[in-house]
Amino acid sequence: FILVPNFFSRHFKHNRSLDIFSGTEISLVGLTKKDFSTDFRVNASFDAERIWRANSGLQTKGSAKISTSLYRVNSNDQKQNLFRYFDPTVGLELSIPLYKNLEHRLDIIKPTLQLVYNPEVNGNDQTPDNDSQQVKLDQSSLFSLNRFSGLDKQEAGLRLNSGVQYSVENNGPVSYDFALGQIFRKNPSTQFSEGSGLSGMKSDILISGNLDYDSLISIHGEQLYDQNLKLKHAETTVNYFQPSRKISGGLIYFDADLAENRPDNLTELTLGVDSKLTKNWVSSFDLRRNLNAHENINASLKFSYENDCAKINLSFKKRFTETNSLPEDTSIELTFDLNGIGGKRSVKRKSNCLIYN
């Protein structure tokens, strides 16, 4: 696949009189497939958010978003225009942060309830899905308005996201946090697979925690349990930081899920090394291995060069296994990002990459 063009623009604005934060977003994506046919998507969205804080400590956040997309799809030598109707989303979040300040640490307990609604719009299921196939419940997506990873799909229905987080910030080298959460729906959701932890009337129960020691070692643990407290997914990662290197390792367990082409339970080992070679050069190596089948899943080697003007990435990737959507293959990717472009003439520090007359 070739991803050209790939344009994304987002602008933020703060209305001081109403104390509302708003954002507008426009994106254009072209995806060229192996048969040289190209699909295009244009997306536009607007979102707004406001937070109210009461003297009692109650914090209320209101959110609203509306999004729409236009697709140009090439299928079976036929070109077709598909319009995804406006997707409105509204959310109301209530939280009560509780603080306990001790001599050498700060304890915080934050219970949160978030009510979100997005109507099911007829015709939206006809649009292609290229960027929203990998979906799962985790600590970062628990209070998301849309848990699909991209723009091609929108989570629909009325749901209540609930959770509580406990964290300790220590004056010493150790800090940690713990989170517990679950999602409740008015109607059963059929948009997600069983393995994602998001299907049905109730989501799986999420338990997550993090431990950091002196910015030297960080440990992350996460588990998903079904309604009978049977373990469905577990993930543990350890990161070790050095001034010019980061070493990471992880152990991941997936319960069997036919919808994700996983007939048996799966245990994966992940390894990664990021190294700063020089001031501008960085290299990284990643490996995923299936411990049940004793075979590698994929591996990648990446070199990056970055300065004030540009960032260049060269990566070599090898996929050793084949799935329903991804074949076994080897690929080489070269990407360019231009930095320092778009600076205004009024700013005091101008980019060295631009010359003004």
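Structure data summary
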| item | result |
| --- | --- |
| Equivalent ellipsoid dimensions for the chain as semi-axes, Å, which come from the Cα gyration tensor, largest first | 31, 29, 28 |
| Theoretical gain in end-to-end length, SER284 to ILE109 [0.36 nm per residue, Cα-Cα removed] | 59.3 nm |
| Restricting the stretch 170-273 to trypsin sites (Lys or Arg not before Pro) in coil, as DSSP defines it, with at most 16 other Cβ within 10 Å | LYS230 |
| Spin-label model distance (nm) - LEU211 vs CYS309, 7 Å beyond Cα toward Cβ | 4.8 |
| Viscosity 0.890 mPa s, 25 °C: Kirkwood-radius Stokes-Einstein D of the stretch 149-233 over Cα pairs, µm²/s | 166 |
| 13 Å tail of the calculated P(r), the stretch 277-335, as % of Cα pairs | 68 |
| Selection of GluC sites (Glu not before Pro), the stretch 63-140, meeting DSSP coil and at most 16 other Cβ within 10 Å | GLU103, GLU120 |
| Considering only the stretch 13-150, percent of DSSP beta bridges that pair antiparallel, nearest 5 | 100 |
| Carbon plus sulfur fraction of accessible area for the stretch 12-140, probe 1.4 Å, in percent | 56 |
| Pair-distance profile P(r), taking every C-alpha pair of the stretch 26-163, with 10 angstrom steps and integer % | 10, 32, 27, 17, 9, 4, 1, 0 |
| Within the stretch 256-322, chymotrypsin sites (Phe, Trp or Tyr not before Pro) in DSSP loop having at most 16 other beta-carbon neighbours inside 10 Å | PHE320 |
| Gain upon complete extension [LYS186, THR330; 0.36 nm per residue less C-alpha separation] | 47.4 nm |
| Heavy-atom surface of the stretch 136-251, accessible at 1.4 Å and reported per residue (Å²) | 49 |
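The values are calculated or read from the model by the stated rules, or taken from the named source; none is laboratory data. Given the structure is predicted, the values throughout are model-derived calculations rather than measurements. A quick note on method: Cβ atoms are made from the backbone with ideal geometry, for glycine too, and the neighbour counts reach across all protein chains shown. Remember, those area values only see protein heavy atoms, side chains included, never the ligands or the DNA or RNA. Shrake-Rupley method; radii C 1.70, N 1.55, O 1.52, S 1.80 Å.
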